[in-house]
Amino acid sequence: MARIDDVSDYLIAPDPQAARLTRAVTGTDQNGQPIDMRVVEERPLTIFLNRQEIVTAMTIGDYPEYLALGFLRNQGMLRDDEVIKGVDYDEELETVVVRTEGTTTYEDKLQKKTRTSGCAVGTVFGDMMEGLEDVTLPDVRVRTSDLYALAARINRTPSLYLEAGAIHGTILCKGCKPLVYMEDVGRHNAVDKIAGWMLSEKVGAGDKVLYTTGRLTSEMVIKTALMGIPVLASRSGFTAWGVEIAQQVGLTLIGRMKGQRFVCLSGEQRLVRDADPSRIAEEPSKMGRKGSA
């Protein structure tokens, strides 16, 4: 099994021992023997924009303010120049209210929906492609040595993914260093938390890489591009529409990243191949407890 790394240099790292995020359950294994384990919690979170209810998301419940901000930002409901007066979370009511200086109107797009926690595309308002025509991603260079280092470090980071499974992780990175590691029952929640943190902390996107444990779907590609991040990487695979959109917007899309191997299906021109794959250690067959990716 891979060595577990220290997380003190992360700006935000998973806390797999947090009591609210998992629950102890008892069952039986394939031999009929009793087994104790922890499973991931999920709970509803209703997001309001000013007085308008927007959506109810199923989430593990950490960083609700970042999730609300990122969801609204990634759905185009918060403009880049929007003045945010406050973000108020009520744990008892399980609601987050994002308040802006000006009023916003989204009645044509808003019908009350529940955003599922599974692997569906999630809730999307209006045309998924809206806003992509204005996206111009920076032509930065990405060293393959940094990508290998990121994958190895992330795979050794203590996480709910390794502890309990049934969860997705998304990590904001710069160079060879992972910065913010978010997890949730839905991969889109995890990337929305990243977006919310970036918006709240006014962090630039042009020199960043987004790494995910989940599939490289159309919505993951769209959200990454709209956030202004030029590189999206994953240990998992691709969907055809995700690849097509990445090629249209010039996003560097890297998948099936395990050990020495990866596949780049878009944005090859950003890669600087400064690492010899034969010198990269193969990934152990078992990284720990696996979740659904």
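The values are calculated or read from the model by the stated rules, or taken from the named source; none is laboratory data. This is a predicted model, so every value here is computed, not measured. No Cβ is skipped: glycine too gets one built from the backbone with ideal geometry, and neighbour counts run over all protein chains shown. The protein model used for the area step is the full one, side chains on, heavy atoms only, and it has no ligands, DNA or RNA in it. Shrake-Rupley method; radii C 1.70, N 1.55, O 1.52, S 1.80 Å.
Helix-only arithmetic for the chain: the sum of -39500 (n - 2.57) across DSSP H runs with n ≥ 4, divided by the residue total, places the mean residue ellipticity at 222 nm at -6500 deg cm²/dmol. Think of each Lys and Arg Cβ as +1 and each Asp and Glu Cβ as -1; about the Cα centre, that makes the dipole of the chain roughly 980 debye. When the chain is described by a simple charge dipole with +1 on each Lys and Arg Cβ and -1 on each Asp and Glu Cβ, the residue from Asn31, Ala195, Ser266 located farthest towards its positive end is Asn31. The listed peptides 182-192, 82-92, ordered by packing as a protection proxy, come out as 182-192, 82-92 (highest mean of other Cβ atoms within 10 Å first).
Peptides 203-211, 16-24, 220-228: what's the order by average Cβ count within 10 Å, highest mean first?
Values: 203-211: 18.1, 16-24: 14.0, 220-228: 24.2.
Final packing ranking: 220-228, 203-211, 16-24.
Measuring between their Cα centroids, region 139-179 and region 212-227 lie 15 Å from each other. Computed about its Cα centre, the charge dipole of region 1-96 is approximately 200 debye, with only Lys, Arg, Asp and Glu carrying charge at their Cβ. In the set (1) 53, 42, 37; (2) 59, 47, 29; (3) 56, 53, 35, the label that goes with Cα extents along the principal axes in Å computed for this structure is (3). With a threshold of 22 Å on the Cα-Cα distance, the over-threshold entries among Lys85/Lys174; Lys174/Lys223; Lys193/Lys258; Lys193/Lys223; Lys202/Lys258 are Lys85/Lys174; Lys193/Lys258; Lys202/Lys258. Which shape class, rounded, prolate or oblate, goes with region 168-260 when its Cα gyration tensor gives a ≥ b ≥ c as root eigenvalues, a/c under 1.5 marks rounded, and past that a/b bigger than b/c marks prolate? In terms of gyration-tensor shape, rounded.
The magnitude of the dipole of region 1-51, with charges of +1 and -1 set on the Cβ of Lys/Arg and Asp/Glu and taken from the Cα centre, is near 340 debye.
Electrostatic bookkeeping for Ala13 treats Lys and Arg as +1 and Asp and Glu as -1; over the other residues with beta carbon under 14 Å from its beta carbon, the sum is -3. Placing unit charges on each Cβ (+1 for Lys and Arg, -1 for Asp and Glu) gives region 136-210 a dipole about its Cα centre, and among Tyr161, Gly186, Cys176 the Cα reaching farthest toward its positive end belongs to Cys176. Across the accessible surface of the chain, with the other protein chains kept in place and a 1.4 Å probe, carbon and sulfur atoms take up 49 percent.
Applying 1/(1 + (r/R0)^6) with R0 = 35 Å to the Cβ-Cβ distance of Glu82 and Glu268, what FRET efficiency is obtained, to the nearest 0.05? So the FRET efficiency works out to roughly 0.50.
Grab the Cα-Cα distance for Tyr89 and Lys174, subtract it from 0.36 nm times how many residues apart they are, and report the gain in nm with one decimal. Could the numbers behind the result be given before it?
Working: separation 85, 0.36 × 85 = 30.60 nm, distance 2.98 nm.
Difference between extended and current length: 27.6 nm.
Among Thr239, Thr157, Thr170, the largest mean-square fluctuation in a Gaussian network model of the chain (Cα springs under 10 Å) belongs to Thr239.
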